[in-house]
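Report on the structure given below.
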Amino acid sequence: MTRQLPPEVAMAPRATVLPAGTALWRCHRSGYPATGFKRVEAHTLFGGSRFDCTADDPYPYLYATLEPTTALAEVLLRSMDFDPMLGSRLVPWAQASRYTLAKIVTTVDLTLVSLRAEEDLAAVCQDSWLLDSEPDDYPRTRYWAQELRRQAKDAQGLLWQSRRHRPRGALVLFGDRCGDEPFASGTADTAVSHDLATPAGRDEANRLLAPLRAAIMPRQD
């Protein structure tokens, strides 16, 4: 377990490129645009997510995945137990209804630090702790993200295996390195969106979640 400060050596981050035209998926709060980078700085010690920015390195950031099911799992299946009688994970409608599942499409090639394989992690003096640790360690994982940004100055984000939908990819993009318009807009290819508060959106989400033995429960009026 590398729950430690980054060593004082030059790392060798391994890069991978997402080509322009890559479809990414987001399960985002419905009141915000799917292509919007978040600018809220996480507290140095409390709250926030794994690779959010802090006041020490205040970059805009956007989490996404390479498949729609992964986006749903990353948001809805955190700390979700299987119902002991049904053998499924039941997501309350009140929780899911705040979100929209949307596809966004890149307009430029994006260079990411790959953290998918054990060799990728070793190249930056890390192991699976960086990706699998619990929220209590997020202040430390955020510090490591900032160190990776310092050592991989051309990297526009990080790519890893989703903790909740292995081995599919999840990623974070650094908005200060992605250019002015990293995503396409206004085309039929980017108009895919499912509001999970609607019956149609819930049905589509449940179709995607079924292989993971998970479902959004119906609204209780």
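The values are calculated or read from the model by the stated rules, or taken from the named source; none is laboratory data. As the structure is a prediction and not an experimental result, all values here were calculated from the model. With ideal geometry, Cβ positions are generated from the backbone for all residues, glycine too; neighbour counts draw on all protein chains shown.
Residues of the stretch 35-87 that are in contact with a helix residue (DSSP H, G or I) (Cβ under 7 Å, 6 or more places away or on another chain), under 29 Å from Ala210 (Cα atoms) and surrounded by fewer than 16 Cβ atoms within 10 Å (Cβ to Cβ): Ser49 alone. Of all residues assigned to the stretch 48-58, none qualifies as being touching a Cys at 6+ places or on another chain (Cβ under 7 Å) and modelled with pLDDT of 95 or more. Take the residues of the stretch 40-72 that are part of a helix (DSSP H, G or I) and polar (S, T, N, Q): which is farthest from Arg168 (Cα to Cα)? Filtering the stretch 40-72 for residues that are part of a helix (DSSP H, G or I) and polar (S, T, N, Q), the one farthest from Arg168 (Cα to Cα) comes out as Thr69. Among the residues here, Thr190 qualifies as modelled with pLDDT under 95, β-branched (Val, Ile, Thr) and surrounded by fewer than 20 Cβ atoms within 10 Å (Cβ to Cβ).
Does Val40 qualify as being within 17 Å of Ser193 (Cβ to Cβ) and aliphatic (A, V, I, L, M)? Considered against the rule, which asks whether it is within 17 Å of Ser193 (Cβ to Cβ) and aliphatic (A, V, I, L, M), Val40 comes out as no.
Residues checked against (1) more than 19 Å from the chain's Cα centre (by Cα); (2) more than 26 Å from Pro182 (Cβ to Cβ); (3) in contact (Cβ under 8 Å) with a residue 60 or more places away in the chain:
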residue	(1), (2), (3)
Trp25	no, no, yes
Arg29	no, no, yes
Val40	no, no, no
Gly48	no, no, yes
Glu67	no, no, yes
Ser79	no, yes, no
Gly87	yes, yes, yes
